[in-house]
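Inspection log for the structure reproduced underneath, given as structure tokens.
The values are calculated or read from the model by the stated rules, or taken from the named source; none is laboratory data. Keep in mind that this is a model prediction, so the values were computed, not measured. Every residue, glycine among them, receives a Cβ derived from its backbone with ideal geometry; neighbour counts consider all protein chains shown.
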Amino acid sequence: MHKFHNMTFKDLDLSNQLQYAIEDLGFQTPTPIQEQAFPVVRSGKDVVGIAQTGTGKTFGYMLPILRDLKFSTQKHPRVLVLVPTRELVLQVVDEIEKLSKYINTRVLGVYGGTNINTQKQAILQGQDIIVATPGRLYDLGLSNALKLKSIQKLVIDEVDVMLDLGFRFQLMNIFDILPERRQNILFSATMTEDVDALIYDYFKNPKKISIAVSGTPLDNIEQISYNVPNFFTKVNLLHHLLQDKKTYHKVLIFVGFKRTADYLFKHLEEIFGSETCVIHSNKTQNYRIRSIRQFDEGNNRILVATDVMARGLDFDNVSHVINFDTPDFPENYMHRIGRTGRAEKTGKTILLSTEKEQLAKEEIEGLMDYKIPLLPLPEEVEISKQLTEDERPKEDTEQSKNRTGLEYVPGPAFHEKSEKNSKVNLGGSYRREIAKKYKKPKTRGDKNYNRRNKKK
């Protein structure tokens, strides 16, 4: 669409102060999401953006917001940015600070796992922009430490990950305490039913911006694949490849499930020791931050991660992304491989697929319109006979052989109660009286009950 003219940041209606900050950062041309989001966010309409990390979306929503954020000395914040994890809070705050180098903007990041009182003190100093995780924001809003009545713009970034991490309840309640008149801006990497429902409930005819997956510059990612029979053969192959430390100097390994991630990490750690680290949403925040930092700084060269975790992360100079399993959703493959080949460098990716995963692989190839070159397994790699729990044929795991499901009939121990013993305990008369008097509420504390059920 916009291929023909090379737009620069000068073509966006930026203030001089923002322009200087952009120049200092060395950026010339806006990414597609920055170009498209700028006028829409400025118009004040609700926005739904479908874009991955790495497309420059933080600047995409921050540039237009900062453009119109007037200097003020009022205490209460006017912009709220919600992100799913602490890592992302730190990242977004950092980006906002870079942009507002020449503007007087007060920005504060709040997240769980640290002392809430220090955060309350910082809020009292007066803030313009709050970047927060839903959990901690909800706590601060409840305790009235943070007044949300002046919020004009709400940005929810990586909303799919938030719902994945179970923040739905906090989000609903945050929506309830925010002023009605506000602009909602939402970004999600993938569209899921949950995200769709959220938009339907809380957004007013949002404007949709979708940055096609083709925004991933596949040209500078070199992709290869191997067909591998099972988990342990995959481990053997990794062992073989990763010995070459020079080539594989910063490797991100993706796995679909937390369980597999831990399992794989255990096996790699046996071989590569402290060079390996792992992250997924069940690990504590401190553990995740430590792992990410060590990997980013190059102390660990191998990081095992699950999809959700990986979305928001931005690493420099990842040499290889290895897909230990083939993702069911082709978009997830795009997310994964988009972690390498950034900033004009070429990245390399390897996809490992078992027989069961061939279908998913075809889907990925269909989405990219590209056939991933298939390499033969190196001779040195031993084909493992050992199977994991999930790979073993199912019949071994059935209930003990001597009583199959069909023949088993419970014996006389399960007789019916006699008539006189079959009374139901209703609790004492006092309890019954009280229960009559105070009926259970229909809605069980569901704050949005009336809203949802009002006549459309």
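Quick notes on this one:
- Yes/no for T118 being modelled with pLDDT under 95, more than 16 Å from T85 (Cα to Cα) and of a type outside the set (A, V, I, L, M, F, W, C): yes
- Yes/no for P84 being surrounded by 22 or more Cβ atoms within 10 Å (Cβ to Cβ) and assigned to a loop (DSSP other than H, G, I, E, B): yes
- Condition check for C277 on (1) in contact (Cβ under 8 Å) with a residue 60 or more places away in the chain; (2) more than 24 Å from S353 (Cβ to Cβ); (3) of a type in the set (A, V, I, L, M, F, W, C): one failure, at (1).
- Test: residue in the range 203-226 that is closer than 20 Å to S291 by Cα and not in a helix (DSSP H, G or I): no
- Some residue of the range 69-76 being touching a helix residue (DSSP H, G or I) at 6+ places or on another chain (Cβ under 8 Å) and buried (at least 17 other Cβ atoms within 10 Å of the Cβ): no
- Members of the range 346-388 found to be under 16 Å from P229 (Cβ atoms), acidic (D, E) and under 24 Å from the mean Cα position of the chain (by Cα), listed by number: E357
- Considering only residues in the range 359-384 that are closer than 16 Å to P327 by Cα and in contact (Cβ under 8 Å) with a residue 40 or more places away in the chain, the one that is surrounded by the fewest Cβ atoms within 10 Å (Cβ to Cβ) turns out to be L367.
- Yes/no for I65 being in a helix (DSSP H, G or I), assigned by TED's automatic domain parsing to the domain that holds N184, among the hydrophobic types (A, V, I, L, M, F, W, C) and farther than 21 Å from L88 by Cβ: no
- G109 over 27 Å from P330 (Cα atoms) and touching a helix residue (DSSP H, G or I) at 6+ places or on another chain (Cβ under 6 Å): yes
- Residues located in the range 329-346, provided they are touching an Asp or Glu at 6+ places or on another chain (Cβ under 8 Å), surrounded by fewer than 21 Cβ atoms within 10 Å (Cβ to Cβ) and not aliphatic (A, V, I, L, M): P330, R342, T346
- Going through (1) under 23 Å from G341 (Cβ atoms); (2) assigned to a loop (DSSP other than H, G, I, E, B) one by one, G49 falls short only on (2).
One line per residue, one yes/no per condition, for (1) modelled with pLDDT under 90; (2) under 24 Å from L165 (Cα atoms); (3) of a type in the set (A, V, I, L, M):
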position	(1), (2), (3)
K70	yes, no, no
Q74	yes, no, no
V81	no, yes, yes
I96	no, no, yes
L108	no, yes, yes
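Yes/no per residue for (1) closer than 17 Å to H320 by Cβ; (2) at pLDDT below 95; (3) touching a helix residue (DSSP H, G or I) at 6+ places or on another chain (Cβ under 7 Å); (4) not aromatic (F, W, Y):
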{"position": "G215", "(1), (2), (3), (4)": "no, yes, yes, yes"}
{"position": "N220", "(1), (2), (3), (4)": "yes, yes, no, yes"}
{"position": "F257", "(1), (2), (3), (4)": "no, yes, no, no"}
{"position": "K283", "(1), (2), (3), (4)": "no, yes, no, yes"}
{"position": "Y287", "(1), (2), (3), (4)": "no, yes, no, no"}
{"position": "G298", "(1), (2), (3), (4)": "yes, yes, no, yes"}
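A quick yes/no check of all residues on (1) of a type in the set (D, E, K, R); (2) in contact (Cβ under 8 Å) with a residue 60 or more places away in the chain:
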site: V195; (1), (2): no, no
site: N205; (1), (2): no, yes
site: Q243; (1), (2): no, no
site: K258; (1), (2): yes, no
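- Checked against (1) modelled with pLDDT of 85 or more; (2) in contact with a helix residue (DSSP H, G or I) (Cβ under 8 Å, 6 or more places away or on another chain); (3) buried (at least 22 other Cβ atoms within 10 Å of the Cβ), L313 meets all criteria but (1).
- Summed over the range 26-49, the residues that are touching a Leu at 6+ places or on another chain (Cβ under 9 Å), at pLDDT below 90 and surrounded by fewer than 16 Cβ atoms within 10 Å (Cβ to Cβ) give a count of 0.
- Applying the set (1) surrounded by fewer than 18 Cβ atoms within 10 Å (Cβ to Cβ); (2) more than 25 Å from the chain's Cα centre (by Cα) to R168 leaves exactly one unmet item: (2).
- On the stretch given as the range 147-170, residues that are β-branched (V, I, T) and outside any strand (DSSP E or B) total 3.
- Filter pass, P229 being at pLDDT 90 or above, within 23 Å of E391 (Cα to Cα) and either among the basic types (K, R) or out of contact with any strand residue (DSSP E or B) (no Cβ under 6 Å at 6 or more places or on another chain) (or both): yes
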